[in-house]
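To start, the structure itself, in structure tokens.
The values are calculated or read from the model by the stated rules, or taken from the named source; none is laboratory data. None of these values were measured; they are calculated from a predicted model. Reconstructed Cβ throughout: ideal geometry from the backbone, glycine too, with neighbour counts over all protein chains shown. For the accessible areas, the whole protein counts, side chains as well, though only heavy atoms, and no ligand, DNA or RNA atoms are used. Shrake-Rupley method; radii C 1.70, N 1.55, O 1.52, S 1.80 Å.
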Amino acid sequence: MNDNLQALPAPVGAEVSGIRAKSSKRVEGGVLNRPRGTIATVIMLVLSLLWLFPLLWAVINSFRDYNYTQQHGYLSFGGWTLHNYQQAWEQGQFGLHFKNSLIITIPAVFLTLFLASLVAFVLARYSFKFNLALLGFFLAANLLPPQALLIPVFKMFREIHVPYWMSDSGTMLNNFWGLILVNVAFQLGFCTFVLSNYMKTIPHEIYESAELDGANVWRQYWQMTMPLVRPALAALATLEVTWIYNEFFWATVLLSQGDKFPVTSALNNLRGQFFTDTNLVAAGSVLVALPVLIVFFVLQKQFVSGLTLGSTKG
């Protein structure tokens, strides 16, 4: 009798409660339980404060008078003024250099995204023998450091002659066209790689239906593909604006006139002959960073959606 009772299966409720008990134990001993989650939160908070401290300290000191900080020290609290921003704008000629950065950044970003989307559409839409080789060719520019190509690019641009209405020097040196082309060349590979992988997630049935309806290749690209990859374009636009706007290496190599330098070079105008007003430089740094911050906050929603789209697909 006892043997028969022992052979009977356990009630369903008991099995469910046992499973719940095991799962609750597993959750309690998991990686993100309450004690470990608290420690991880504290660690991330401390790291965030350490990372933000130099930026916040620069912003605070940009509103302080240099003589006051020299007398009372940088750990003091006071000497507030807006004169640093006015002086930085005038002494650094930020109006001129901001215009130069816009002339360089806006065409370079639009041209990079347009050309990258064309190449990515071909790589994602059609399969041919040199598909991967072509993608690797576009990625090669991102694998080489710019310093390694300094002399070849400089000599090449010096030998390319253009009309004088395009360049005062008659070559690709010392004009905005050369700087735009260099930025496009170095950013094209990364954008092509991202957009091609993004476009490969679009079902081919959409293109087959479009072909049956008589849509040519251009309509498939412009009216179907481009609206679907808008989040990726917004994310890449945010990154490209940041990278091209902050680019300073090629500007110093290809430009020789000070009135054509981008805004990142304006900080050099704030350096004194015998000493440097660090509060004035901090104000200039804040002015330089403002356009990038504005672009990020404007495109923040599209930027996040472009990075996270497809992350939950399994």
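Structure summary
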| read-out | value |
| --- | --- |
| Cα gyration tensor shape for region 105-145, rounded if a/c is under 1.5, else prolate or oblate | oblate |
| Trypsin sites (Lys or Arg not before Pro), loop per DSSP, at most 16 other Cβ atoms within 10 Å - longest free stretch of the chain | 1-128 |
| Kyte-Doolittle mean at least 1.0, axial Cα span of 20 Å or more - DSSP H helices of the chain | 34-62, 94-125, 176-199, 278-298 |
| Accessible area of the chain belonging to carbon and sulfur atoms, whole % at 1.4 Å probe | 68 percent |
| Within the chain: Cβ-based charge dipole about Cα centre, in debye rounded to nearest 20 (Lys, Arg +1; Asp, Glu -1) | 560 debye |
| Per-residue HN-Hα couplings for region 252-262 [Karplus 6.51, -1.76, 1.60; θ = phi - 60°; Hz; x = Gly/Pro] | 6, 7, 9, 10, 10, 8, x, 7, 10, 6, x |
| Assigned charges on the beta-carbon of Lys, Arg, Asp, Glu; region 178-268 dipole about Cα centre (debye) | 200 debye |
| Solvent-accessible area per residue, Å², over the chain with all protein chains present [probe radius 1.4 Å] | 63 Å² |
| Shape category assigned to region 227-296 from the gyration tensor of Cα positions, a/c cut at 1.5 | oblate |
| Of PRO231, PRO146, PRO163, the one that fluctuates the most in a GNM where the chain has Cα springs shorter than 10 Å | PRO163 |
| Among [x] 170; [y] 136; [z] 274, the entry derived from the coordinates for volume of the Cα convex hull per residue in Å³ | [z] |
| Amide proton proximity set for ARG64, modelled H, under 5 Å, gap of 5+ | THR81 |
| Among PHE121, LEU181, ASN100 - extreme Cα towards positive end, dipole of region 80-227, charges at beta-carbon | LEU181 |
| Given charges at Cβ of Lys, Arg, Asp, Glu: the chain dipole, positive-most of ILE294, PHE110, THR264 | ILE294 |
| Net charge, HIS83 excluded, C-beta distance under 13 Å - Lys, Arg +1, Asp, Glu -1 | -2 |
| Relative contact order (%) - criterion: Cα under 8 Å, at least six apart; region: the chain | 27 percent |
| Exposed chymotrypsin sites (Phe, Trp or Tyr not before Pro) absent: longest stretch of the chain, with sites in DSSP loops and at most 16 other Cβ within 10 Å deemed exposed | 166-247 |
| Per-pair calculated FRET efficiency, R0 = 30 Å: PHE248 and ILE60 via Cβ, rounded to 0.05 | 0.70 |
